[in-house]
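Comments concern the structure below.
The values are calculated or read from the model by the stated rules, or taken from the named source; none is laboratory data. Bear in mind that the values here come from a model prediction, so they are computed numbers and not experimental data. Cβ coordinates were reconstructed from backbone atoms using ideal geometry, including for glycine residues, and neighbour counts include every protein chain displayed.
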């Protein structure tokens, strides 16, 4: 939160970061924070110039119309719960359990004041204010990043480049992109503020700044996270190393994303990429994932249709929705695994006939040949006092970093058979190399026993299946791996 | 504010000594203050410090004693205060929110205290008083901390290292140190030292491991890389650690508050009634009022709780 300003140099290098390199340049439209980047395929320079100019004119008309629509919509949304924008806001506030909110006007005003006075506000007071805003239905919508997202969605409808899923646009006429364009256009990126849409016939590379500063190069390194197939999907990217998401107050550099639950900027927060069918959804989900602990956030995102998300915490640990890796280019997908049939883990937590039964604390992880944990599969049990009873796990990992517990833990679960699939990636999203590893499942139950089952295995192109059995707190445990033909 | 209590406290300590208690008061305080805890621990604790803060929390007239009526009134008033939307119900969110707000105030207070200590710590390490903490000064300070614990000169701090005596004995007339919600680990205790410096998780800190860690810390704290640490850099680094700890504490304690609501709301209707809250209050008060005279004072015997927590010791 309070690091010395170190700017991701890639941002400074400007255009072309999220979309493939273009033959035509980026041009700024006469609207604050809007930029458009286009590239064309196999047409001569004269045609290219003509098409670019036409597109620019098209957009300019569109913008003028949109300004009027937007002004009307925002003022309606503030007053009328029936307005489309209002309804979307409330829907997401509810769905995110108040991790996302469009109604933080009073809080934003406090932070505006703090930026001017260079003094941090009182934290307890802000918490109280956040609670009041949450409980009061009459609190109106206030400007935020989500405005950009909404405008962008309208734009895309106008250009006829993709579905936005919104209600029909209130315009007299809908200028459509000339047929000529749609054949010649190779890629288009439209950016409004921090929201963007890419449309491309080739794959689109999406990168994040690694949250680790490289002392030698004096820069934040880039993680290349995904190559999206050509899509008109909306992308929302919140990169914690991105200076446009920070504010400076006194000697402190804080996030601009305010946590609606306590009114304070998100601290030690992860970077997030979300893709969805429309920009409003993408930004609502992204802001929610900045605020929720990663494992819980991803579990929530997994429940949303049409959404894929990647969360990278401040240590570089990667958490992805189950559909995320579909977007990755095939040859980079699973390292030496030829297809994506994963590593399958099954385990049983047996019933115990005791009077006061407490569901057990549980850790599942994979360690490398030096016994270092490389992948945390599950951590069940929220109270770090009881997680200490998982003695091996605690010694190897738990005691090192309390932030890990909050990031990855979930609630304890009842006796049953459980099934997990692992995609062969370590905590940092990298496919593991061939070699020797060990799987551990460790259980501790209040007034019960502690039990550990460890199964060594070798990752190679050879399939295998191994079984083991616990004595009291664990039943059958089995691993199976089938890398394919 | 609590004059009567001070007298009461010292007489209680005399009583304990006469009755031949095995644990001397100072050591009990050391144990009590070594354990991190929450306000839940205050209500259900067992040390004389816990009781002091329990009385302090609910004592309306400031006489250092807590009558049943004072306690019940304070609790009823707190419950009413929780009803934020004034719909005559206390649901889980309101209960947790009330707790979260109290916790936030406590964290803010502790943070201020920790920060004022930081300036003093900086000055004590900056031995030549030129406002620049050099590697030599930083290294010397670390060395002192290591050898203070490693009196036997074994070159390692581990579970065999003896627990050091309290640096300052608790004056029996002083207000006990308050429970810390932040509970930053301190390098003055063996367990704290290991918690801070044992990076490879092998349960011990060798001199080499320690020296390397200190070098890394120094470099990380020297944010502008001018090979010395300014007071501001030192403070910023410490505040970063404080805020990280506070974030974890908040998350953990708020989860516990949800669990507590579940336990209090016996009929599971997502409404905490005065009666349900009263049942819990009864248990808390009678857990302290062991002489059953309707008042919790320093004269009550200290309770023996069946703690589910293990005692904090250096050995593990």
With respect to the numbered conditions (1) more than 14 Å from chain A (Cβ to nearest Cβ); (2) surrounded by 11 or more Cβ atoms within 10 Å (Cβ to Cβ); (3) more than 15 Å from residue B:188 (Cα to Cα), which one is the sole condition not fulfilled by residue B:145?
(3)
Among (1) within 11 Å of chain A (Cβ to nearest Cβ); (2) surrounded by fewer than 20 Cβ atoms within 10 Å (Cβ to Cβ) - the single one residue B:103 does not satisfy:
(2)
Filter the range A:419-434 down to the residues that are surrounded by fewer than 15 Cβ atoms within 10 Å (Cβ to Cβ) and touching a strand residue (DSSP E or B) at 6+ places or on another chain (Cβ under 6 Å) and list them by number.
A:419, A:420, A:421, A:434
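State yes or no: is residue A:115 modelled with pLDDT of 90 or more, at negative phi and touching a helix residue (DSSP H, G or I) at 6+ places or on another chain (Cβ under 8 Å)?
Working: modelled with pLDDT of 90 or more: yes; at negative phi: yes; touching a helix residue (DSSP H, G or I) at 6+ places or on another chain (Cβ under 8 Å): no.
Considered against the rule, which asks whether it is modelled with pLDDT of 90 or more, at negative phi and touching a helix residue (DSSP H, G or I) at 6+ places or on another chain (Cβ under 8 Å), residue A:115 comes out as no.
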Quickly run through the range B:203-219 and pick out the residues that are free of Cβ contacts under 8 Å to residues at least 60 places away in the same chain and facing another protein chain (nearest Cβ under 10 Å).
B:219
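Can you name the residue in the range A:382-418 that is part of a helix (DSSP H, G or I) and out of contact with any strand residue (DSSP E or B) (no Cβ under 9 Å at 6 or more places or on another chain) and is also surrounded by the fewest Cβ atoms within 10 Å (Cβ to Cβ) among such residues?
My answer is A:385.
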Can you pull out every residue in the range A:94-125 that is away from every other protein chain (no Cβ under 14 Å) and more than 18 Å from residue A:256 (Cα to Cα)?
A:95, A:96
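Given the options A:193, A:165, A:131, name the one that is on the phi > 0 side of the Ramachandran plot and modelled with pLDDT of 65 or more. Walk me through how you get there before you give the answer.
Working: A:165 fails: modelled with pLDDT of 65 or more; A:131 fails: on the phi > 0 side of the Ramachandran plot.
Testing whether each residue is on the phi > 0 side of the Ramachandran plot and modelled with pLDDT of 65 or more leaves just A:193.
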Unique residue being at the interface with chain A (Cβ under 10 Å from one of its Cβ atoms) and within 19 Å of residue B:103 (Cβ to Cβ) when the list is B:225, B:247
B:247
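If you take just the helices (runs of 4 or more DSSP H) that sit entirely in the range A:1-112, which of them hold at least 2 residues that are over 22 Å from residue A:239 (Cα atoms) and at pLDDT 65 or above? Steps first, answer last, please.
Values: elements: A:9-12, A:45-79, A:84-95.
Fully inside the range A:1-112 and qualifying: A:45-79, A:84-95.
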Suppose we filter the range A:321-351 for residues that are buried (at least 16 other Cβ atoms within 10 Å of the Cβ), modelled with pLDDT of 80 or more and more than 24 Å from residue A:438 (Cβ to Cβ); how many remain?
2
State all residues of the range A:352-372 that are in a strand (DSSP E or B) and either under 21 Å from residue A:467 (Cα atoms) or at pLDDT below 90 (or both); if no residue qualifies, say none.
A:362, A:363, A:364, A:365, A:366, A:367
Looking only at the range A:239-265, which residues are within 12 Å of chain B (Cβ to nearest Cβ), out of contact with any strand residue (DSSP E or B) (no Cβ under 8 Å at 6 or more places or on another chain) and buried (at least 18 other Cβ atoms within 10 Å of the Cβ)?
A:252, A:261, A:262, A:263
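Would you point out which residue out of B:265, B:270 is at pLDDT below 90, more than 9 Å from chain A (Cβ to nearest Cβ) and buried (at least 18 other Cβ atoms within 10 Å of the Cβ)?
Working: B:270 fails: buried (at least 18 other Cβ atoms within 10 Å of the Cβ).
Selected residue: B:265, the only one of B:265, B:270 that is at pLDDT below 90, more than 9 Å from chain A (Cβ to nearest Cβ) and buried (at least 18 other Cβ atoms within 10 Å of the Cβ).
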Just the residues that are more than 9 Å from chain B (Cβ to nearest Cβ) and part of a loop (DSSP other than H, G, I, E, B), please, taken from the range A:127-143.
A:137, A:138, A:139, A:140, A:141, A:142, A:143
